[in-house]
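Reviewing the structure listed below.
The values are calculated or read from the model by the stated rules, or taken from the named source; none is laboratory data. Not measured: the values here are computed from a predicted model. Cβ: placed from backbone, ideal geometry, glycine included. Neighbour counts: every protein chain shown.
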Amino acid sequence: MNLRSLPDRRPFLTAALALVTLAALAAAAISAEPRAKDLFGAKKLPAVVPAQSFGFYSKGCFAGGVALPMEGPTWEVMRPSRNRRWGHPAMIALIEKLSRDAAADGWPGLLVGDISQPRGGPMMTGHASHQIGLDADIWLTPMPKRPLTIAQRESMSATLMVDEKTHLVKDALWTPAHTRLLKRAASYPEVERILVNPGIKKELCDTVTGDRSWLRKIRPFWGHDYHFHMRIGCQPGSPGCKGQEATPADDGCGKPLAWWFTEEPWRPNKNPDAPKARDLMTMANLPKECQAVLAATDAPSLAAVTYQGGSAAAVAVAEPQPTEPVETISSGTLPAQASAFAPTPKIGIPLPRPRPGN
Ligand SMILES: [Zn+2]
């Protein structure tokens, strides 16, 4: 049909066109709402303010972060260009402590993967969690004897520890030192969960003798076959931090683990192209304090917000400056140096959840 032959329809078409244009403008206005991942991903430094986490591991941000130095005697930061070596001071202090303790246990040193962005928040790529400075990925590959160059840290591959078909640990790769490393990480009271591939959990369930109480913190999850993920609880001074349910008191080697060795958890994602939460989140989806976290003035230098080592008291976090816009994020906080760890309430028993979309 030739519309030009129907001039009487023109007013209708004009009106329809106007409606379409309005709808397009409205859509543009919605999509113009900046994504939280872009805003947080653009921040290169935190502000010098007391440490405080806001929201949940997968929906939040944090203030007063400090950087793990690029390397120390017993650790090296991997993929440094991502600028994800930031965490709550308690987390950074714990990684440093784990690196020392693990070295004493015979693990040569930690290759540290992603922790958080300088102010947390959703990331441009990877990770649903790691948003409040209380999550860290640590490679299951020991630190090599020779120091890695920055280029090597960007390109070196981690070791895949699990057979992707059987979901069992590769026997030739798993060592007692891997088990000791996970046991050491689980031994810290502030560590609430350690996520590992189900094959790794099964290996531990099958081989750990003596004290098995720490196995309750080792939680099977997809991925986590090159690295493990260490999660600590909400820290003192963070009333806006939402904790996670405590893990069940048993070793987790029974039915919930068996589920992972059925076909169900491994069904292909029916909708692999669906947008992920981090691709949609705007500031409106995050705790309101994250606005102030984002707006706070950058630290004067990287050195001023880099962890100095030794103890939490040595963290190079100055007292907040009165000119900083910290009013909305400093209420109820403790100094960043506070390092006492609150007990975790024991509530609920989480069941395996359906496979997430990412
Ligand atoms: Zn992780």
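Which residues, taken from the stretch 141-158, are in contact (Cβ under 8 Å) with a residue 60 or more places away in the chain, part of a loop (DSSP other than H, G, I, E, B) and surrounded by 14 or more Cβ atoms within 10 Å (Cβ to Cβ)?
Once the filter is applied, which keeps residues that are in contact (Cβ under 8 Å) with a residue 60 or more places away in the chain, part of a loop (DSSP other than H, G, I, E, B) and surrounded by 14 or more Cβ atoms within 10 Å (Cβ to Cβ), the stretch 141-158 yields Thr141, Met143, Leu148, Met156, Ala158.
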*Of the residues that make up the stretch 184-193, is at least one away from the ligand (no atom under 16 Å from the Cβ), of a type in the set (Phe, Trp, Tyr) and more than 30 Å from Pro287 (Cα to Cα)?*
no
*Regarding Lys255, is this residue within 16 Å of the ligand (Cβ to nearest atom), out of contact with any Gly (no Cβ under 6 Å at 6 or more places or on another chain), among the basic types (Lys, Arg) and over 24 Å from Gly55 (Cα atoms)?*
no
*Could you pull out the residue among Ala90, Ala128, Ala103 that is surrounded by fewer than 24 Cβ atoms within 10 Å (Cβ to Cβ), outside any strand (DSSP E or B), of a type outside the set (Ser, Thr, Tyr) and away from the ligand (no atom under 13 Å from the Cβ)?*
Ala103
*Taking the stated definitions as given, is Pro118 over 30 Å from Pro300 (Cα atoms), touching a Pro at 6+ places or on another chain (Cβ under 7 Å) and part of a loop (DSSP other than H, G, I, E, B)?*
no
*Under 7 Å by Cβ, and 6 or more places apart or on different chains, what pairs join a residue from the stretch 275-294 that is in a helix (DSSP H, G or I) with one that is hydrophobic (A, V, I, L, M, F, W, C) and surrounded by fewer than 19 Cβ atoms within 10 Å (Cβ to Cβ)?*
Ala277/Ala128; Arg278/Ala128; Cys290/Met283; Gln291/Met283
*Those residues of the stretch 114-125 which are within 13 Å of the ligand (Cβ to nearest atom) and modelled with pLDDT under 95, in sequence order*: Met123, Thr125
*Limited to the stretch 259-305, what total is found for residues that are under 21 Å from the mean Cα position of the chain (by Cα) and among the aromatic types (Phe, Trp, Tyr)?*
0
_Can you report the number of residues in the stretch 208-229 which are within 24 Å of Gly109 (Cβ to Cβ) and either within 16 Å of the ligand (Cβ to nearest atom) or β-branched (Val, Ile, Thr) (or both)?_
10
